[in-house]
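Let me begin by presenting the structure, written as structure tokens, before commenting on it.
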Amino acid sequence: MNTFFLRVGGTLLGTAIFAATLRAEAPTVTAPAASADEARSRARLLHETVHATLHYVHHEYYREDEGLAIPAETLRRVFREVAERQKVELRWLAVDGQAMNTDHKPRDEFERQAAAAIAAGKGEFEQTAEGKYRRAAAITLTSECLKCHLPNRKSNMNRSAGLIVTIPLSQP
């Protein structure tokens, strides 16, 4: 039997079992961060986890010609679960290159400033306001990513997208 089908079948079965387990359990909501410092620490950890997951899943499992959802879209489903269960919002941000989804374009002044900061080479941009800590940080777009994000490029130099993490604060 084709190893591709075994990999995909095993992945789908594992995902289905995992999703059923999640749905069966009562959601556990983590308390809001007590301070901006605590939120910053959580946001950095989430960012590194998502960044690494995106790159490894894309490299190991995604093939353009197999009709599978792109890893960034699959992770958006994870983002919805995290928002529902933890009240922490995660969102992709278009910075360099073409937005693959119009939802990834900057929505407000914070996001416009964050996109500009990341495009200028600053690794992260943050704000604490209205009882929330917001952090936008770079997601590396490698040459493999640029086939779609920047199809008319003149070089394979890495570019950036962004990930925005919004965490509620218990004390503004």
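Evaluated against (1) modelled with pLDDT under 85; (2) part of a helix (DSSP H, G or I), residue 96 falls short on exactly one condition, (2). Based on this model, can you work out whether residue 167 counts as in a strand (DSSP E or B), in contact with a helix residue (DSSP H, G or I) (Cβ under 9 Å, 6 or more places away or on another chain), under 22 Å from residue 52 (Cα atoms) and at pLDDT 90 or above? In short, yes. Please tell me if residue 115 is at pLDDT 90 or above, assigned to a helix (DSSP H, G or I) and closer than 25 Å to residue 36 by Cβ. Yes.
Condition check ((1) surrounded by fewer than 16 Cβ atoms within 10 Å (Cβ to Cβ); (2) out of contact with any His (no Cβ under 9 Å at 6 or more places or on another chain); (3) at pLDDT 65 or above) across all residues:
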site: 15; (1), (2), (3): yes, yes, no
site: 55; (1), (2), (3): no, yes, yes
site: 59; (1), (2), (3): yes, yes, yes
site: 111; (1), (2), (3): no, yes, yes
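The values are calculated or read from the model by the stated rules, or taken from the named source; none is laboratory data. Computed from a prediction, not measured in an experiment: that's the story for all the values here. Backbone-built Cβ (ideal geometry, glycine too); neighbour counts: all protein chains shown.
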